[in-house]
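Scroll down for the structure; my scribbles are underneath it.
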Amino acid sequence: MTTLVGYLKILGLIACIVFGFFQIFSRTPSVRQYTFQTLKTAGNELKEHVAHDPYNQLVDVPRDSILVFDPAERRANATILSLVRSKEVNELVMTMKEVEETFNHKFNYPWTFLNDEPFTEEFKKLTSEATNSTVYYETIPANHWNMPDFVSKELAIAAGQRMLQQGVQYANMMSYHNMCRWNSGLFYHHPRLQQFKYYWRVEPNTHYYCDIDYDLFRYMEDNEKTYGFTISLYDDPNSIVTLWNTTMDFLSDHIDYLHPNSALGYLLDNSRPDHNKIAGYSTNHFWSNFEIGDMDFFRSEPYTQFFNALDVAGGFYYERWGDAPVHTIGLVLFEDKHKIHWFRDIGYRHIPFINCPNSPKCKNRCPTGDTYEGASFLADEVSTPIWWKYAHMN
Ligand SMILES: Nc1nc2c(ncn2[C@@H]2O[C@H](COP(=O)(O)OP(=O)(O)OP(=O)(O)O)[C@@H](O)[C@H]2O)c(=O)[nH]1
Ligand SMILES: *[C@@H]1O[C@H](CO)[C@@H](O)[C@H](O)[C@H]1NC(C)=O
Ligand SMILES: *[C@@H]1O[C@H](CO)[C@@H](O)[C@H](O)[C@H]1NC(C)=O
Ligand SMILES: *[C@@H]1O[C@H](CO)[C@@H](O)[C@H](O)[C@H]1NC(C)=O
Ligand SMILES: [Mg+2]
């Protein structure tokens, strides 16, 4: 009996994937035409595929949310949160000032700072001076942060060295692996965060360029959004060689978790075949150094079981699985694509990528429509247009 059920599940999974591929290849022979470079250069070709260029489209603020702060309005159940080290205080305060100036002085959402070590007094002083909101300083429990016992430290160190030689950034830094694992599956279990539903992740040394005059968290709530991002990228396939296979193993046991209205094509897209070949999937992901999300999604049964399956597979240490592809795969598979929102109106930069809207609210503080800063090969790493395609934004 069990074998038959298992067989049927696998058959179902294969059918889903074959259907996904069929959808992709039957629609357009060259998905590559959706990449940003083509968007910027090939006007006519572009028009055939995308009715408009969302990067340069004049941005409207959402109409269906409160646009100005009214003290009588109910605020959402939310916090801004930042995982940060005390020594990064200056970079963080610079970013905090921009978040406060563009958004939070109007809404006063609390800030929660998290660290694997206690914060210094200087850190607390400088950050609490940068906001009028409530501030929380939290230490992460050691059993959430450190490498779990079932991972072999020797193998992890050897794998780190090997990946470093393949050019995988930070592959030999155990703290980086801890950080990626914690951000993937543990932050929302921190005792302080239990009182909150929504979070906005803010990293030190990121920039916020444009005024945000509506309550972003209420926007999420009122529009039943689960997750919001600003930039979509391709990942380094060498950092996630078995992530997709591990995901498929999990999915074949839980095919009922696959959302019928998922944007599966975003994960299966074949515009960079070399990436698919190594990683088994497109490597498309929402860049998670900015994210606004509903922690109850991550706390739900499907994502919890998904994370546990990835965790025991050991890829947070034997490879360098990032929280961005892990969040993304979980969200895209288990959630309705309409609940995932591209915040086109948020002017954002984490070196070297940018989201810069065409909006008077940006007051020319960033280069409109640009997606990167520096060498032009970076353009090929941006995959936001791939999201537009599969989310049916065009
Ligand atoms: N407390 C603490 N925070 C960390 C640690 N490692 C990383 N972080 C934080 O986690 C976030 C991501 O780390 P980054 O080093 O910026 O990683 P990244 O964005 O992939 O890499 P960059 O491109 O170099 O910025 C940042 O907010 C860091 O401050 C750590 O060991 N302890
Ligand atoms: C805090 O509130 C005071 C009084 O309204 C104001 O002058 C100050 O600029 C605010 N500080 C921040 C960081 O918003
Ligand atoms: C906020 O959300 C969390 C997580 O859903 C929930 O446990 C908590 O009760 C909520 N708080 C309020 C005031 O609604
Ligand atoms: C992924 O699974 C397929 C099918 O079982 C297998 O052929 C392939 O070698 C696996 N890839 C990796 C990287 O383990
Ligand atoms: Mg960073």
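Values in this text are rule-based calculations from the coordinates and carry no lab data. Just so you know, these numbers come straight off a predicted model, no measurement behind them. Don't worry about glycine lacking a Cβ; one is built from the backbone with ideal geometry, like all the others, and counts go over all protein chains shown.
Packing, taken as the mean count of other beta carbons within 10 Å per residue, orders the peptides 349-358, 172-181 from highest to lowest as 349-358, 172-181.
Can you give the percent of C-alpha pairs in region 187-345 whose distance is more than 22 Å? Before the final figure, lay out the partial values.
Details: 5364 of 12561 pairs.
Here the tail beyond 22 Å accounts for 43 percent of pairs.
In terms of the mean number of neighbouring beta-carbon atoms within 10 Å, the peptides 196-209, 155-168 order highest first as 196-209, 155-168.
Most tightly packed first, judged by the mean number of other beta-carbon atoms within 10 Å of their residues, the peptides 371-380, 211-220 read 211-220, 371-380. Residues with beta-carbon under 12 Å from that of Arg349, excluding Arg349: net charge, scoring Lys, Arg +1 and Asp, Glu -1? Summing Lys/Arg as +1 and Asp/Glu as -1 gives -3. For every other residue with a beta carbon closer than 12 angstrom to the beta carbon of Ile329, add +1 if it is Lys or Arg and -1 if Asp or Glu, then tell me the sum. That sum, taken over residues with Cβ under 12 Å, equals -3.
Can you give me the relative contact order of region 301-394 as a percent, contacts being Cα pairs under 8 Å and 6 or more apart? It would help to have the intermediate numbers written out before the result.
On the way: 58 pairs, mean separation 14.7, N = 94.
About 16 percent, as a whole number.
To the nearest µm²/s, what D does Stokes-Einstein give for region 179-279 at 20 °C and 1.002 mPa s, using the Kirkwood radius over alpha carbon pairs as Rh? Let's see the in-between values first.
Details: Rh = 17.3 Å.
Estimated diffusion coefficient is 124 µm²/s.
Counting Lys +1, Arg +1, Asp -1, Glu -1, what net charge surrounds Arg201 among other residues with beta carbon under 11 Å of its beta carbon? Result for the local shell: -3.
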